[in-house]
1. Out of THR59, THR35, I need the residue that is among the β-branched types (Val, Ile, Thr) and open to solvent by less than 30 Å² (accessible area, probe 1.4 Å). Which one?
2. Give the residue, chosen from PRO660, PRO627, that is open to solvent by less than 70 Å² (accessible area, probe 1.4 Å), within 28 Å of ASP249 (Cα to Cα), over 23 Å from the mean Cα position of the chain (by Cα) and modelled with pLDDT under 95.
3. If we keep just the residues of region 278-306 that are polar (S, T, N, Q) and either at positive phi or assigned to a helix (DSSP H, G or I) (or both), which is least open to solvent (accessible area, probe 1.4 Å)?
4. Quick one: ASP51 ticks every box in (1) in contact with a helix residue (DSSP H, G or I) (Cβ under 7 Å, 6 or more places away or on another chain); (2) open to solvent by 10 Å² or more (accessible area, probe 1.4 Å) bar one, so which box is it?
5. Checking SER376 against (1) assigned to a loop (DSSP other than H, G, I, E, B); (2) modelled with pLDDT under 90, only one condition comes out false. Which one?
6. Would you point out the residue of region 584-614, among those that are part of a loop (DSSP other than H, G, I, E, B) and either polar (S, T, N, Q) or out of contact with any helix residue (DSSP H, G or I) (no Cβ under 8 Å at 6 or more places or on another chain) (or both), that is most open to solvent (accessible area, probe 1.4 Å)?
7. Among the residues of region 87-94, is any in a loop (DSSP other than H, G, I, E, B) and within 29 Å of LYS305 (Cβ to Cβ)?
8. Looking at region 107-129, can you tell me whether even one residue there is surrounded by fewer than 18 Cβ atoms within 10 Å (Cβ to Cβ) and closer than 23 Å to GLN212 by Cβ?
Amino acid sequence: MSANFLLDLNQKQLEAVKCIDGPLLVLAGAGSGKTRVIIYRLAYLIKSGVDPRNILAVTFTNKAAGEMRERLVSLVGEHSGKLWISTFHAACVRILRSHIQELGFNRNFVIYNASDQLSLVKECLKDLSLDSYRVNPSLLLSRISQAKNYLLRDNEIKIVKGDFWSEKIGSIYAVYQRKLKENNALDFDDLISFTVELFKSRLDILHQYQNQFQYVMVYEYQDTNFAQYQLIHLLTSSHQNICVVGDEDQSIYQWRGADINNILNFEKDYRNAKVIRLEQNYRSTQVILESAGTVIKNNRQRKGKNLWTTNSYGNKIIYFSAPDEQDEAQFISEQIKALLTDGNYKDYSSFAIFYRTHAQSRAIEDGLRRANIPYSIVGGTKFYDRKEIKDLLAYLRLLVNPTDILSLKRILNVPRRGLGAATIDKLEDYLRDKNLNFWDCLRAADEIPKLSAAAKRKLRGFVSMIEDLRAFSRENNVEDTLRKVINYTGYEEEIKNENSFIAKGRLENIQEFFSAIQQFVAEKPDTSLDDFLEGISLATDLDGWEGSSGAVTLMTLHNAKGLEFPAVFVAGLEEGLFPHINSADNASELEEERRLCYVGMTRAKKRLFFTSAQKRRIYVKMHYNRPSSFISEIPAKFITPAFSEKKCVGVMERPKSSTPAYNVGERLRHSHWGEGIVVAQQGWGDEMKIEINFAQAGRKRLLAKVAKLERIQPEEITN
């Protein structure tokens with residue numbers, strides 16, 4: 001490591017890096033180099049003589065953890081290999097693999113993903129004779145997840161008397177948890193909550209890890225939920241050498257349990273905490289920063305920062321109010337094509353389109369296809385959710401944990417071997433009577449009187465096959481084990497016999513599965529089957545995303561955090577859509593929507609575009625929404641309606657009309673009411689109606705052709 005490596009840091013970054021003892025809160029504004037601070041602080045700790053084994057650094061995605069690890073190696077070399085850099089969940093898996101027997105599980109537990117959890121909940125509903133049409137399984141999983149994030153057991157959930165839902169959720173939660181244990185399985189939320197439970201019930205184990213991790217660092221602290229907060233608090237309560245890096249203005253995951261109060265109350269939790277603000281932005285233009293700043297300042301739940309930059313002033317934000325979502329998509333497509341001609345953007349990967357809900361992507365995709373613009377969607381159908389991949393994963397998981405009932409049921413008759421639903425029902429009747437797990441029941445098939453001789457023979461063959469494959473997996477690598485599974489079971493052969501276009505795609509997916517294994521092993525040469533399955537279970541949507549090569553990126557605003565693009569389009573800025581209608585009567589949720597807008601704006605490096613639609617069809621229904629209130633929070637000097645800015649590339653022509661076309665955001669002067677801003681417009685030509693918010697007279701709705709209106713020129717605007 002170079003002796004002067006700290007010269008790469010600005011004054012505030014350097015101060016944060018060198019503050020290594022005691023509690024430290026680094027409030028890192030968007031684009032202020034918070035990842036660099038984390039990496040350099042880790043390097044500085046090691047350079048200062050701290051044993052890497054005494055350092056724990058946690059974040060939220062495998063992608064972020066991997067990048068941090070690579071950058072640290074470039075600074076300190078292989079010494080960093082002994083340091084724990086991982087996601088919260090991966091760190092907890094590592095702890096639980098050593099100690100979970102204290103909680104009544106075996107160390108070879110499997111981790112259920114969202115699809116597995118949904119299947120298990122449906123089984124619970126069936127066991128309790130509850131109608132899945134009345135009790136939504138996905139919503140139920142969300143409630144169970146919420147309870148686990150708050151470390152609540154099934155008997156601690158608040159029950160509202162007379163409320164069918166709340167009265168049933170506790171019993172469903174209890175059955176769900178019992179079935180997880182029977183399968184020697186944990187879901188994603190269990191990884192955190194069980195580790196907290198372990199530490200609270202076994203203080204000797206807690207002290208072991210407190211002594212091991214003398215320095216704890218948390219990346220994106222604003223995204224932590226209650227369980228994660230408790231975990232970190234337990235680990236650091238003895239020495240308080242904790243450094244958290246985050247930005248309360250980018251806390252956008254309240255809906256999945258993140259608690260902004262964790263970062264807001266850090267100084268209350270750690271009385272001697274030092275606070276350092278990183279406010280120099282290296283990403284965006286001054287216009288983008290100041291615009292985003294004026295929006296976020298409307299929030300009350302914040303500590304406050306004043307971002308600044310030495311970058312150029314930059315172009316104003318372009319805002320286009322489209323007649324409908326098709327015109328919105330056309331405008332975006334035209335702007336992208338026009339921007340590519342100015343030489344400042346290398347290809348289509350320079351552009352990103354963000355939206356509030358997945359449903360908005362359909363119209364945008366149609367527009368991009370019509371314009372022959374390549375695009376890539378983040379958050380679509382996941383590779384590991386495809387049927388053939390889930391089938392093969394079920395086989396692999398069964399080789400690690402034969403008590404995994406979900407995997408057993410999934411592949412008992414895959415490929416088809418005459419062991420369908422009727423056989424499973426008879427097996428389940430028997431296991432309930434004898435109090436056996438499903439695997440032991442299969443092994444005892446000859447003793448089950450309800451089964452036919454043919455079924456018993458097939459079950460014997462199935463058990464023998466699985467035991468042979470388990471023995472093979474213990475002596476061979478992951479790739480060879482998968483190949484053995486495919487050949488031994490006849491899985492690939494059955495797909496080939498379908499001889500269809502769909503079958504061809506499924507076979508290609510299987511080959512891609514081998515590529516995934518090879519890539520995993522290349523990154524971790526000593527990978528075991530357990531390691532591979534664990535890595536897949538802990539993956540997130542963005543872990544496999546390396547940027548869309550030569551294509552425009554489409555994603556929700558929630559997925560956009562942590563990324564950056566030269567040019568960004570935020571689509572659908574309409575009341576009821578963004579901010580979402582669910583936040584209308586909730587001040588806290590409205591502030592989260594504003595933080596989401598702030599995140600979207602600060603992803604842009606050079607150019608930022610806003611679009612809205614005066615009418616939009618979503619989920620079959622037509623919606624007529626006013627432009628988002630977030631637009632009106634931006635001073636006019638930073639934003640330009642598309643029609644009024646001749647320099648805006650790719651601007652659509654104004655409709656030919658005897659009545660001038662006014663656009664949302666324009667400033668107008670009325671002969672009687674004075675100056676105001678256009679906040680809504682409906683119709684065209686002589687039928688155009690506009691709504692103007694006058695500084696003195698408030699909102700007025702006018703027929704444009706008879707209103708006495710005068711445009712205020714940009715040079716007249718002073719604030």
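1. On the way: THR35 fails: open to solvent by less than 30 Å² (accessible area, probe 1.4 Å).
Exactly one residue qualifies, and that residue is THR59.
2. On the way: PRO660 fails: within 28 Å of ASP249 (Cα to Cα).
The unique qualifying residue is PRO627.
3. From region 278-306, those polar (S, T, N, Q) are 280-281, 284-286, 291, 294, 298-299, 301, 306; that's our starting set.
Next, from what is left, pick out any that are either at positive phi or assigned to a helix (DSSP H, G or I) (or both): 286, 291, 294.
Working: GLN286: 65, SER291: 0, THR294: 42 Å².
Checking each candidate, the answer is SER291.
4. Of the numbered conditions (1) in contact with a helix residue (DSSP H, G or I) (Cβ under 7 Å, 6 or more places away or on another chain); (2) open to solvent by 10 Å² or more (accessible area, probe 1.4 Å), the odd one out for ASP51 is (1).
5. (1)
6. First pass over region 584-614, keeping only residues part of a loop (DSSP other than H, G, I, E, B): 584-586, 602-603, 614.
Adding the requirement that they be either polar (S, T, N, Q) or out of contact with any helix residue (DSSP H, G or I) (no Cβ under 8 Å at 6 or more places or on another chain) (or both) leaves 585-586, 602, 614.
Values: ASP585: 155, ASN586: 59, THR602: 1, GLN614: 33 Å².
Once the filter is applied, the top-ranked residue is ASP585.
7. Quick first cut of region 87-94, residues in a loop (DSSP other than H, G, I, E, B) only: none.
Within region 87-94 (the criterion being in a loop (DSSP other than H, G, I, E, B) and within 29 Å of LYS305 (Cβ to Cβ)), the answer is no, since none of the residues qualifies.
8. Scanning region 107-129 turns up at least one residue that is surrounded by fewer than 18 Cβ atoms within 10 Å (Cβ to Cβ) and closer than 23 Å to GLN212 by Cβ.
The values are calculated or read from the model by the stated rules, or taken from the named source; none is laboratory data. A quick note: this is a predicted structure, and the numbers were derived from the prediction, not measured. Note: ideal-geometry Cβ built from the backbone for every residue, glycine included; neighbour counts use all protein chains shown. Only protein heavy atoms, including side chains, enter the accessible area calculation; ligands, DNA and RNA are left aside. Shrake-Rupley method; radii C 1.70, N 1.55, O 1.52, S 1.80 Å.
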